[in-house]
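Here the structure is laid out as structure tokens; the discussion comes afterwards.
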Amino acid sequence: MTRATERAYSELQQAFDFYNQRLFDGELPDCLITFQRGKNTMGYFSYRRFVAADGSGRMIDEIALNPEYFPVYPLIEVMQTLVHEQCHMWQYHYGNPSRKTYHNAQWAAKNGKYRTYALLHRETWWCESRPED
């Protein structure tokens, strides 16, 4: 029997991989998906948040999702949050990231390519700023 933690994170990893292949042509690097609670936020992206556990010293991005919204919103909106954060990830690795709490035209164009994943509840989104390099 699969335990709850394994199942939850495995399903999110599968969703990340699915959307990475389907929407981003597999371009997105590996990241750590976490559950984080935050007031008025369904999720956020943090560039180079963690050091890889493999001893390489490589930095790993984080996509955090707020589990408090899981029972409140339909699954499609949780997946929209994941795709929203994947758009930020793409922009940090291949584009020009927005300033804190802002979605620039490049991000909007990338996210806009996926009309079925459009933002439905703008007031619930928060954008994490890029750490100083």
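Descriptive notes on the structure:
- Pairs with Cβ under 8 Å, 6+ apart, first in segment 61-89 and over 18 Å from Glu27 (Cα atoms), second basic (Lys, Arg) and outside any helix (DSSP H, G or I): Asn66/Arg37; Pro67/Arg37; Glu68/Arg37
- Between Gly43, Gly55, Gly95, the distinction of being small (Gly, Ala, Ser), out of contact with any strand residue (DSSP E or B) (no Cβ under 9 Å at 6 or more places or on another chain) and closer than 25 Å to Lys110 by Cα belongs to Gly95 only.
- Residues of segment 1-39 classified as of a type in the set (Val, Ile, Thr) and under 13 Å from Ile63 (Cα atoms), total: 2
- Looking across segment 1-46, the residues that are closer than 16 Å to His88 by Cα and among the hydrophobic types (A, V, I, L, M, F, W, C) come down to Phe16, Leu23, Phe24, Leu28, Cys31, Leu32, Ile33, Met42, Phe45.
- Annotation: Arg22 fulfils all but one of (1) at pLDDT below 90; (2) of a type in the set (D, E, K, R); (3) in contact with a strand residue (DSSP E or B) (Cβ under 9 Å, 6 or more places away or on another chain); (4) within 27 Å of Thr5 (Cβ to Cβ); the unmet one is (3).
- Residue pairs meeting the criteria (Cβ under 6 Å; at least 6 apart or on separate chains; first under 21 Å from Pro97 (Cα atoms), in segment 44-56; second of a type in the set (Val, Ile, Thr)): Phe45/Ile63; Phe50/Ile60
- A count restricted to segment 1-59 and to residues that are among the β-branched types (Val, Ile, Thr), over 21 Å from Thr81 (Cα atoms) and surrounded by fewer than 11 Cβ atoms within 10 Å (Cβ to Cβ) stands at 1.
- Restricted to segment 70-109, and to residues there that are among the polar types (S, T, N, Q) and surrounded by fewer than 19 Cβ atoms within 10 Å (Cβ to Cβ), the residue that is nearest to the chain's Cα centre (by Cα) is Thr101.
- Checking each residue in segment 60-69 for being of a type outside the set (Val, Ile, Thr) and buried (at least 19 other Cβ atoms within 10 Å of the Cβ) picks out Asp61, Glu62, Ala64, Leu65, Asn66.
The values are calculated or read from the model by the stated rules, or taken from the named source; none is laboratory data. Small disclaimer: the values here were computed from a predicted structure and weren't measured. FYI the Cβ positions are ideal-geometry reconstructions off the backbone, even for glycines, and counts take in every protein chain you see.
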